[in-house]
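Inspection log for the structure reproduced underneath, given as structure tokens.
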Amino acid sequence: MCKSLPSKVGGNGRRSNKTVGRVSYVKLTLTQGGIPVSNAQIGLMYKESGQWKTFTDPLTKKEIFTTDKNGVVMFSVFSKKETDLQFLAYLIDDQSIKTQFRVSFKKPQWLFTIWICADNNLEGFGFLDKEEMKNVNNNVSVFLVCDVISEQDSLYVMDELGEWIEIMVFQQDLDSCNSSLLLEVLKVLFGPCEANNYSLILWDHGGAWIDDSIYTCQITPHYIAIDDTSNHAISTRDLRKALEDFSTQTGKKIKLLGMDACLMGSIEVLYELRGVVDYVVASSSIVPGNGCNYEFFKQISPTDDAVSVGKKIVDTYKDYYKTSSDYKQRGLTFAVYDMSKVLLTALCIDDLAKSLYLKMNDDLRNVINNFYPRLVEYSSSLIDLNDFTEFVKSNVNGEYVKYYAQQIQIALSELIVYEYSEKTNYEIQNPVSIFMPGKKDFMLEYRADYETLSFSELSWFDFLESWLR
């Protein structure tokens, strides 16, 4: 993005250089006799292929900029490569008053977009996390899309001093739970701006894929975000489409997708998102209202790859809640998922499901019913997959069943490259959830929604039907 130094618009030919790296804006200051001039209109031009062209701010679409009470105008600048651009700024009313300067672009190591959907009962936590995100780490550049109730929805960028700069105010209420809007904003922010690594963090309520149909007119897979004003949510399927379209339309890929929301470490969600991001950081359990510990921004180094950043997200989360006995009682998990391993894991689940389906009889039903209450449960319908396979290995007879259960555990150890998991009196390893309701009514209630997921192409639901029949 851009690191900039204030520049005065003064006499003819005044020049200064701007280095673009951490933040995406340039500030110009108009003074007269050392006193800032407010409410003055400034125009901008840039040179391309030897020709001067009118500059349009890529975010606000402005071509004329009005100085504030401090005599300052601010505009956004992006570049697709590390290069220099020559700019000319001039006073609209007197074009003899002008200045020229160059903007030098340097790719940031990590460019984050934080998507805060706080148009709901989490607004207070959103403001707290916004403050917690502040940092002066030059390896990190951050855009923040903030949808709240009590203030105007805005787009912010982190400046070189670690402060938020508001670069755009949305004139209408922002529907942050609209996947099409998410796509368009990602294209505007990530599309023209080069970085070594791109990351998106979705911040809000989450429910894996459970209960989304109450927020949408159509039956869809379930949600990661709730906007109380629009009464919308981003479904799993729509999230995949937005990220897929982003890659197709920009030629770029998000290296790390963080989901600061409850229950998103679900095999059904991961299977839906396979191929569109490289790594996912998420929790298969409930996430406390304070969410992630954004101190991890301060720890990112110039050599950190997606796994390294993911580990820092997990470690700072663990450190933040290490004294919270209440949440440990209910269960805390956070993990880094290697999305290249999702397909193999799903195929192993499919093999086990087919084997259990073929073996299903009253005796097997009784065996499963006996150990089901002891499974680690993340919600009324989501249980821990690794825990289930361990019980299958210990309680269900059959060479193939035990073999497939073991294969799932091996696949999970490759899928989950780093983890934090803790639940009082329970041992959780390789945390990821899977749909396994203990009641037939729950299974039938979610069936139509479940069948819109790509995971429904596999045999897991057939096993559930045969067990709960």
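Readers should treat all values here as calculations from the given coordinates under stated rules, not as data from a laboratory. Just so we're clear, the structure is a prediction, and the values are computed from it rather than from any experiment. Using ideal geometry, Cβ is built from the backbone for each residue, glycine included, and neighbour counts are taken over all protein chains shown.
Points worth noting:
- Fewest neighbouring Cβ atoms within 10 Å first, the residues 314, 269 line up as 314, 269.
- Converting phi to 3J(HN,Hα) with the Karplus coefficients 6.51, -1.76 and 1.60 and the offset θ = phi - 60°, region 41-56 yields 9, 10, x, 9, 9, 9, 9, 9, 6, x, 10, 7, 10, 5, 8, 10 Hz in sequence order, with x at every glycine or proline.
- Residue order, fewest to most beta carbons within 10 Å, for 287, 37: 37, 287
- Among 296, 125, sorting on how many other beta-carbon atoms sit within 10 Å of each Cβ, with the fewest leading, yields 125, 296.
- Column: log10 I(q)/I(0), Debye, Cα scatterers of region 344-468, q = 0.17, 0.19 Å⁻¹: -0.89, -1.14
- Under the combined filter of DSSP loop state and at most 11 neighbouring Cβ atoms within 10 Å, region 397-469 retains none of its chymotrypsin sites (Phe, Trp or Tyr not before Pro).
- At least 18 Å along the helix axis (C-alpha) and Kyte average at least 0.5, DSSP helices within the chain: 342-359
- Kirkwood hydrodynamic radius of the chain, Cα pairs, Å: 24.0
- Candidate aspartates and glutamates for bridging to residue 393, where Cα separation is under 18 Å - those fewer than 8 sequence places away on the same chain excluded: 350, 351, 363, 384, 427
- For the chain: relative contact order, % (alpha-carbon pairs under 8 angstrom, 6 or more apart): 12
- Estimated purely from DSSP H runs of n ≥ 4, each contributing -39500 (n - 2.57), the mean residue ellipticity at 222 nm for the chain is -9000 deg cm²/dmol once divided by its residues.
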